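**Student:** Here it is, the structure in full.
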Amino acid sequence: MRPPIFWSRPPNSPGWQARVLAPLGAVYAFATSRRVVRGDALHADVPVICVGNLNAGGTGKTPTVIALVERMKSRGVCAHVVSRGYGGTLAGPVQVDERGHSAADVGDEPLLLAAFAPTWVARDRAAGVRAAQAAGAQVILLDDGFQNPSVAKDFSIVVVDAKRGFGNGRVIPAGPLREPVSAGMKRADLVLSIGNAGEQAAFSAAWGGQISCPRTSGELTPLATGMDFNGLDVLAFAGIGRPGKFFATLRTMGANLLRAEELDDHQPLTDALMKRLEIEAAALNAQLVTTEKDAVRLPKSFRQKVLTVPVRLNIDDWSDIDAACARLGLSGFSDQP
């Protein structure tokens, strides 16, 4: 039986490559639609908030989880994070030890998140949720897993990069999406678009009509560390979803970006790669600089040689998230206006 075509017409007509690959995208979309309706999902004893996306690749989920953790802390709520641990070798469930584990063990994102909240790596997300609630979690933040049916979600946030939006609106391999926008919106409780004012306006114009749930926005801003980048010659490297965003951030901080090395998302920072970058930086008389997520993958011998630029997500309006937390019975939110 021919699988149904799920996508609606995107704001911009897709290129010929997307049209040629459209049948494969329909198959992928059909498989996703069948998978997400599995009826044996774990219903946890504590609220589960999912931070996911429709796009394959990075959209800003990790900064969103950090922002949610900090929001929970400010209300006296103990949040645990459950992640699949992409790129790590441990199947779990295991609680991440930021001093005892490496990115090769648990993945770079869980290692970073463990600095902010108890974080569990589990390829079986249901097993990870059980471990977290047994350890005393009052709420579980599911890092990714929007398309994973093994755990029932009480509130789902779909994170999207405002500049990229939903691409050409097509599903892998015809486009960047794991599932059609229309299908994802049926399960989403909130869309969080991340970008500056211009990017937010463009996203609204292109995709606002297809978002059928509440939406809020946010922007990533550098965290003040006391380091003055103004006029500093740098060689920057980044293996994140959109390295160009990091390089643009450095420019806004006044850095003189002499070289920008774009790496694949989660790419291992081998000794050979880092030695090459070190030699190039020395030839330019430049300082090596990278992102907070990349820094956890650095070889130990380079951790003192590379400056890190941490960023934090500033969410413009917390009201929908706070109201959801109150509905879920999280005591720190129940008395909020």
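Taken together, the values in this text are just the output of simple stated rules run on the coordinates, not laboratory data. Since we're looking at a predicted model, the values are computed, not measured. As a convention, Cβ positions derive from the backbone with ideal geometry for all residues, glycine included, and neighbour counts pool all protein chains shown.
**Student:** Run the paramagnetic zone check for D45: 7 angstrom along Cα to Cβ, then residues of the stretch 116-152 with backbone nitrogen under 14 Å.
**Tutor:** Only 129-140 pass the distance filter.
**Student:** Under a plain spin-label model, where a point goes 7 Å from the Cα along Cα-to-Cβ, how far apart in nm are S150 and E98?
**Tutor:** With each label point 7 Å from Cα toward Cβ, the separation is 2.6 nm.
**Student:** Given the options G195, G209, G175, state which has the largest fluctuation in a GNM of the chain using a 10 Å cut-off (strictly under) for Cα springs.
**Tutor:** G209
**Student:** While we're on this one: Subtract the Cα-Cα distance of A248 and C213 from 0.36 nm times their separation in residues, and report this length gain in nm to one decimal.
**Tutor:** Extending this stretch completely gives an extra 9.5 nm.
**Student:** Work out the length of the dipole vector of the chain about its Cα centre, built from +1 on the beta-carbon of each Lys and Arg and -1 on the beta-carbon of each Asp and Glu, and round it to the nearest 20 debye. Present the calculation step by step, with values, prior to reporting the outcome.
**Tutor:** Values: 36 positive and 33 negative charges, 198 e Å.
Dipole of the chain, to the nearest 20 debye: 960 debye.
**Student:** Based on DSSP, what percent of beta bridges with both residues in the chain are antiparallel, to the nearest 5?
**Tutor:** 15 percent
**Student:** Just report the Cα centroid separation between the stretch 113-139 and the stretch 42-100, whole Å.
**Tutor:** Distance between centres, Cα-based: 8 Å.
**Student:** Among R312, R251, R297, whose mean-square fluctuation peaks in a Gaussian network model of the chain (Cα, cutoff 10 Å)?
**Tutor:** So, out of R312, R251, R297, the one fluctuating most is R251.
**Student:** Only one of the listed values, (i) 62, 46, 38; (ii) 59, 52, 41; (iii) 52, 48, 36, was derived from the coordinates as Cα extents along the principal axes in Å; which label is it?
**Tutor:** Entry (ii).
**Student:** How long is the stretch 233-309 along each principal axis, judged by its Cα atoms, biggest number first, in Å?
**Tutor:** 29, 28, 17
**Student:** May I ask you to derive the FRET efficiency for E70 and S182 from their Cβ-Cβ distance with R0 = 35 Å, giving the value to the nearest 0.05?
**Tutor:** It comes out at approximately 0.60.
**Student:** Can you compute the modelled spin-label distance between D271 and A224, with each label point 7 Å from Cα toward Cβ, in nm?
**Tutor:** Each label point is offset 7 Å from its Cα along the Cβ direction, giving 4.1 nm.
**Student:** Grab the Cα-Cα distance for A56 and S301, subtract it from 0.36 nm times how many residues apart they are, and report the gain in nm with one decimal. Don't skip to the answer; put the middle values down first.
**Tutor:** On the way: separation 245, 0.36 × 245 = 88.20 nm, distance 3.24 nm.
The A56-S301 span can extend by a further 85.0 nm.
**Student:** Take the residue pairs K153/K245; K186/K293; K61/K163; K73/K245; K61/K245; K245/K305 and return only those whose Cα atoms are more than 25 Å apart.
**Tutor:** Details: K153/K245 30 Å; K186/K293 31 Å; K61/K163 15 Å; K73/K245 28 Å; K61/K245 15 Å; K245/K305 23 Å.
As for pairs spanning more than 25 Å Cα to Cα, those are K153/K245; K186/K293; K73/K245.
**Student:** List the lysines whose alpha-carbon lies under 17 Å from that of K300, not counting same-chain residues fewer than 8 positions away?
**Tutor:** Here the lysines satisfying the reach criterion relative to K300 are K275.
**Student:** Which value in deg cm²/dmol, rounded to the nearest 500, describes the helix-derived mean residue ellipticity at 222 nm for the chain, given -39,500 (n - 2.57) per DSSP H run of n ≥ 4 and division by the residue count? Could you put the intermediate results ahead of the total?
**Tutor:** On the way: 12 runs with 113 residues, N = 337.
Calculated at 222 nm, the ellipticity per residue is -9500 deg cm²/dmol.
**Student:** Would you order D144, D233, D40, D316 from fewest to most other beta-carbon atoms within 10 Å of each residue's own beta-carbon? Mind showing how you got there, number by number?
**Tutor:** Working: D144 20, D233 14, D40 7, D316 11.
Ascending Cβ contact count within 10 Å gives the list D40, D316, D233, D144.
**Student:** GNM, the chain, Cα, under 10 Å: largest mean-square fluctuation among A326, A205, A283?
**Tutor:** A283
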